[in-house]
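Student: Quick one: the structure is below, questions incoming.
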Amino acid sequence: MTQWLLDGVLGLLLLTLAGGALHVRQLYAGVLLFTAFGLVLALIWARLGAPDLALAEAAIGAGLTGVLLFSALARQPVEGSEPQVPGRRRLAALAVMLPLLILLMGELAPLAEQIAPLPARIDQAMPDSGVDHTVTAVLLNFRAWDTLLELAVLLLALLGARQLGPVRLGLSEPWPLLRAWSRILAPLLVLAGGYVLWRGSSAPGGAFQAGALLAAGVVLLRLADVLPALRWSAWPLRLAVLLGLLLFVAVAALTAWLGDGWLHYPPAWSKPLILLVETAATLSIAASLSLLVVGDEPERQP
């Protein structure tokens, strides 16, 4: 009964925060509610037994995205320029969405009574995947093309964001407490990222979660003014951004040339190749997310 009550409270709180973030009048309050929404969603993923998704949601949904939204909010030219949505439009949107939601629920209900064949097929293929965790096997072996394209999308998002101009965080003198804690938390985030990456082959974790933790450490150090501004012009940083995608494409080409087809790993080499790709992808994800949040920032004027 206690667990049902906790789950019900978390679900109700999640819906309340989502509605508040969408309909609150002040943008500042909306950003705060969205950040709280990400933290509650991370708790819900943890309750569902998905700690890897909980880590990614806390680091990206609540952390890095919150910093991006606050940075965008700081660029607002004048106060009181928040967009106002008339009440009639809200009612019209509700009148359209409710029938669609009812129809969707009616179409999805029969799916709960069917038996999905994919879990059995995945279990049969696990001995040849090279890893022990089903999620990692799906992402890096059975559906590796999807993960490769995700890295390409992240690179395109970074290149597109750079066209909007440099990031201007408007850093002032950081609090001494933030500077002190950042020196302690950043190494812990690096250790946690390495552990999550290594455990991804046999337990929840992997490149995206590890890269998000590393990027959170970089952003924390940058906000504390401990780390200098990141520059896209630095070739090691560019190499880190491109490394994951380039290595993934190289592995795909080698398996097509020497193996049975594109991204069909030889069973004896599955685990080493997956670990190599995941390590490179971790560095690329960390570098890309860091650049998206605090990259190419102009030097702070004294």
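The values are calculated or read from the model by the stated rules, or taken from the named source; none is laboratory data. All of these numbers come straight from a predicted model, not from anything done at the bench. FYI the Cβ positions are ideal-geometry reconstructions off the backbone, even for glycines, and counts take in every protein chain you see.
Student: Before we move on, is VAL31 more than 15 Å from ILE60 (Cα to Cα) and either at pLDDT below 90 or basic (Lys, Arg) (or both)?
Tutor: no
Student: Tell me, yes or no, whether segment 4-15 has at least one residue that is of a type in the set (D, E, K, R) and in a helix (DSSP H, G or I).
Tutor: yes
Student: Would you confirm whether any residue within segment 279-296 is modelled with pLDDT under 90 and outside any helix (DSSP H, G or I)?
Tutor: Yes: one or more hits.
Student: Cβ contacts < 9 Å: first residue without any contact (Cβ under 8 Å) to a residue 12 or more places away in the chain and loosely packed, with under 12 Cβ neighbours inside 10 Å, restricted to segment 1-27; second residue of a type in the set (D, E, K, R) and part of a helix (DSSP H, G or I), any location; separation 6+ or different chain. Result?
Tutor: Close Cβ pairs satisfying both conditions: GLN3/ARG47.
Student: Kindly indicate whether VAL167 is buried (at least 18 other Cβ atoms within 10 Å of the Cβ) and at pLDDT 85 or above.
Tutor: Criteria not met by VAL167.
Student: Let me ask something additional. Please work out which one of (1) of a type in the set (Gly, Ala, Ser); (2) at pLDDT below 80; (3) loosely packed, with under 10 Cβ neighbours inside 10 Å is the condition ALA95 fails and give its number.
Tutor: Against the list (1) of a type in the set (Gly, Ala, Ser); (2) at pLDDT below 80; (3) loosely packed, with under 10 Cβ neighbours inside 10 Å, ALA95 comes up short only on (2).
Student: Filter segment 28-75 down to residues that are touching a helix residue (DSSP H, G or I) at 6+ places or on another chain (Cβ under 9 Å) and of a type in the set (D, E, K, R) and give me whichever is farthest from GLY200 (Cα to Cα).
Tutor: This residue is ARG47.
Student: Still on this structure: On the given criteria, is PRO228 part of a loop (DSSP other than H, G, I, E, B), out of contact with any Phe, Trp or Tyr (no Cβ under 7 Å at 6 or more places or on another chain) and closer than 29 Å to ARG162 by Cα?
Tutor: yes
Student: Test LEU254 against the stated conditions and say whether it is buried (at least 19 other Cβ atoms within 10 Å of the Cβ) and within 18 Å of LEU140 (Cβ to Cβ).
Tutor: no
Student: LEU55 passes all but one of (1) outside any helix (DSSP H, G or I); (2) in contact (Cβ under 8 Å) with a residue 12 or more places away in the chain; (3) within 30 Å of ARG199 (Cα to Cα); (4) not acidic (Asp, Glu); which number fails?
Tutor: Unmet for LEU55, out of (1) outside any helix (DSSP H, G or I); (2) in contact (Cβ under 8 Å) with a residue 12 or more places away in the chain; (3) within 30 Å of ARG199 (Cα to Cα); (4) not acidic (Asp, Glu): (1).
Student: Let me ask something else about it. Taking the condition of being part of a helix (DSSP H, G or I) and over 20 Å from the mean Cα position of the chain (by Cα), how many residues in segment 18-29 meet it?
Tutor: The number of residues fulfilling the criteria is 7.
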